[in-house]
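Worksheet for the structure shown next.
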Amino acid sequence: MMDPGMVPTIDPNPLPAPFWVFKLLLVGTFFLHILAMNFMLGGAALALLARWRQKRNPYGSRIFLDVAKNVPSFMAATISLGIAPLLFVQVLYGQYFYTSSILMAWPWFLVIVLVIAAYYGFYFVSYRAQQRPRASGRVLLFSTTLVLVIGFIYTNNITLGLAPSRWMQKYFSGASGWHLNLAEPTLFPRYLHFITAAVAVGGLLLVLMAWAKWKQDKEYAHALFQFGGKAFLYATMAQVLVGFGFLVSLPRDLRMMYMGGNVLATSLLGFGVLGALLSIFLMSAALRKQNIRLAAIGVTGLTGLIVLTMCIMRDILRDAYLKPYFHPQEFAVKTQWSPMLLFLGLFVAGVVLWVLMLKWYGFFTRTKAADR
């Protein structure tokens, strides 16, 4: 273990609100960010799968067009909703986040370039998919791959920030700025945990789209429902296995925290597992009975609670990793409620505006283009 004295000290500037307020804001805004990211990445992945299977699915091309045209909106939401939790991480865990970012400076800077390139590709597909169907498939694959690379860089940064004991060795081994955290046992299980979840939530995006079109075009909505519902089922089943692998990869003391060592952590894990199994059962029943309301309202609502649970578990795990070094009582606090209320008001207004923009952009409208 690294000497706690080697960790940079807490920013002496006082917090403008109590520590617990920032904790709630961090978890809450990250929850919204991760939902938007899952819709974006999972939706793009399923759009590609629909295009690939279009010979077996007569609606494959239309599903591709319907989903792909909305991906830029979810990309914008992912970026916008990601700013707030990133800022709160810097406020509460700045000395860990900044250190890991410096150690892997070049990949971290590269994120900006990758985001711009991926964003451009998503817009190309959104506006040119009908005119250039073949190129749009390749471009969507390229942009989705860039997003996967961005996620991998983020996972490296987050896990490296949780391992101060590795900082000195990486720093003195060379000032290249390319120090990824590839030796971390939890790196790939954690990364797969997020990617698999994105595919499952992407399936729910298709279910919600089917619900919106249920009365307009029953046949197409049925195909969309079946495709999205099955994607959710298979991804959630895989997520149970991936989540178990992630749990096993944790250090023993942290793993035992979720297996009886900590009441809250164990309870949250139990709810997450039982909730995942229940969501599988409910989606299976909804597909058999063609009950779109059960899937769109019941399964989606339950999945939202599970994602929120996982966000809380993630925060508990971060504090457990940093327990030898991180002491919240050391923060100075000078409460300033007016800026906090202004932030909350603008944040809520921004989320509402994004939902309206998504509606205006055509998320709830029927695609009139013929299948290709």
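The values are calculated or read from the model by the stated rules, or taken from the named source; none is laboratory data. Quick caveat, the model's predicted, so the values are computed rather than measured. When we count neighbours, we look across all protein chains shown, and the Cβ atoms used for this are built from the backbone with ideal geometry, even at glycine.
The C-beta contact set for the stretch 347-372 (first residue over 30 Å from F88 (Cα atoms) and among the hydrophobic types (A, V, I, L, M, F, W, C), second residue part of a helix (DSSP H, G or I) and at pLDDT below 70, distance under 9 angstrom, 6+ apart or interchain) comprises F364/L358.
Quick check on F281: is it surrounded by fewer than 16 Cβ atoms within 10 Å (Cβ to Cβ), among the aromatic types (F, W, Y) and more than 15 Å from R314 (Cα to Cα)?
Working: surrounded by fewer than 16 Cβ atoms within 10 Å (Cβ to Cβ): yes; among the aromatic types (F, W, Y): yes; more than 15 Å from R314 (Cα to Cα): yes.
Yes; evaluated as a whole, the condition is true for this residue.
Being over 19 Å from F194 (Cβ atoms), touching a Phe, Trp or Tyr at 6+ places or on another chain (Cβ under 9 Å) and of a type in the set (A, V, I, L, M, F, W, C) is not true of V263. Checking Y258 against (1) over 20 Å from L308 (Cα atoms); (2) within 23 Å of the chain's Cα centre (by Cα), only one condition comes out false. Which one? It is condition (1) that Y258 fails.
Across the stretch 128-141, the qualifying residues are those that are assigned to a helix (DSSP H, G or I) and without any contact (Cβ under 8 Å) to a residue 24 or more places away in the chain, and the one among them that is surrounded by the most Cβ atoms within 10 Å (Cβ to Cβ) is V139. Of the listed requirements (1) in contact with a Ser or Thr (Cβ under 7 Å, 6 or more places away or on another chain); (2) closer than 24 Å to F22 by Cβ; (3) at pLDDT 90 or above, G304 misses just one: (1). Of the residues making up the stretch 143-151, at least one is in a helix (DSSP H, G or I), free of Cβ contacts under 8 Å to residues at least 12 places away in the same chain and surrounded by fewer than 16 Cβ atoms within 10 Å (Cβ to Cβ).
Taking every residue in the stretch 215-228 that is within 21 Å of A200 (Cβ to Cβ) and pairing it with any residue that is of a type in the set (K, R), at least 6 positions away or on another chain, the pairs with Cβ-Cβ distances below 6 Å are A221/K213.
Given the structure, is I102 more than 30 Å from L317 (Cα to Cα) and more than 20 Å from the chain's Cα centre (by Cα)? Give the steps one after another, and end with the answer.
On the way: more than 30 Å from L317 (Cα to Cα): no; more than 20 Å from the chain's Cα centre (by Cα): yes.
So I102 does not fit the description; no.
All of A200, A163 fail the test of being under 15 Å from the mean Cα position of the chain (by Cα), crowded, with 18+ Cβ neighbours inside 10 Å and not hydroxyl-bearing (S, T, Y), apart from A200. Scan the stretch 55-86 for residues that are free of Cβ contacts under 8 Å to residues at least 40 places away in the same chain and assigned to a loop (DSSP other than H, G, I, E, B) and the total you get is 2.
Mind checking which residues of the stretch 319-333 are among the charged types (D, E, K, R) and at pLDDT 95 or above?
First pass over the stretch 319-333, keeping only residues among the charged types (D, E, K, R): 319, 323, 330.
Within the stretch 319-333, just D319 meets the criteria.
The requirement of being without any contact (Cβ under 8 Å) to a residue 12 or more places away in the chain, assigned to a helix (DSSP H, G or I) and of a type in the set (A, V, I, L, M) is fulfilled nowhere in the stretch 181-196; no residue meets it.
Would you be able to say whether some residue in the stretch 110-123 is within 20 Å of V199 (Cβ to Cβ), at pLDDT 95 or above and either touching a Lys or Arg at 6+ places or on another chain (Cβ under 7 Å) or among the aliphatic types (A, V, I, L, M) (or both)?
Here is the first cut: in the stretch 110-123, the ones within 20 Å of V199 (Cβ to Cβ) are 118, 121-122.
Cutting the leftovers down to at pLDDT 95 or above gives us 118, 121-122.
Next cut, either touching a Lys or Arg at 6+ places or on another chain (Cβ under 7 Å) or among the aliphatic types (A, V, I, L, M) (or both) only: 118.
Yes; the residues of the stretch 110-123 include at least one that is within 20 Å of V199 (Cβ to Cβ), at pLDDT 95 or above and either touching a Lys or Arg at 6+ places or on another chain (Cβ under 7 Å) or among the aliphatic types (A, V, I, L, M) (or both).
Every listed requirement among (1) out of contact with any Gly (no Cβ under 9 Å at 6 or more places or on another chain); (2) more than 27 Å from F22 (Cβ to Cβ); (3) crowded, with 17+ Cβ neighbours inside 10 Å; (4) not β-branched (V, I, T) is met by L48 save one, (1). R62 fulfils the conditions (1) of a type outside the set (A, V, I, L, M); (2) closer than 30 Å to F225 by Cα; (3) exposed (fewer than 15 other Cβ atoms within 10 Å of the Cβ) except for a single criterion, (3).
Evaluate the following for W167: is it assigned to a helix (DSSP H, G or I), farther than 17 Å from A105 by Cβ and hydrophobic (A, V, I, L, M, F, W, C)?
Working: assigned to a helix (DSSP H, G or I): yes; farther than 17 Å from A105 by Cβ: no; hydrophobic (A, V, I, L, M, F, W, C): yes.
For W167, the condition - assigned to a helix (DSSP H, G or I), farther than 17 Å from A105 by Cβ and hydrophobic (A, V, I, L, M, F, W, C) - is not met.
Of the listed requirements (1) at pLDDT 95 or above; (2) within 20 Å of P18 (Cα to Cα); (3) of a type in the set (A, V, I, L, M, F, W, C), F343 misses just one: (1). Does the stretch 22-31 contain any residue that is in a helix (DSSP H, G or I), under 23 Å from T196 (Cβ atoms) and in contact with a Leu (Cβ under 6 Å, 6 or more places away or on another chain)? Yes, the stretch 22-31 has at least one match.
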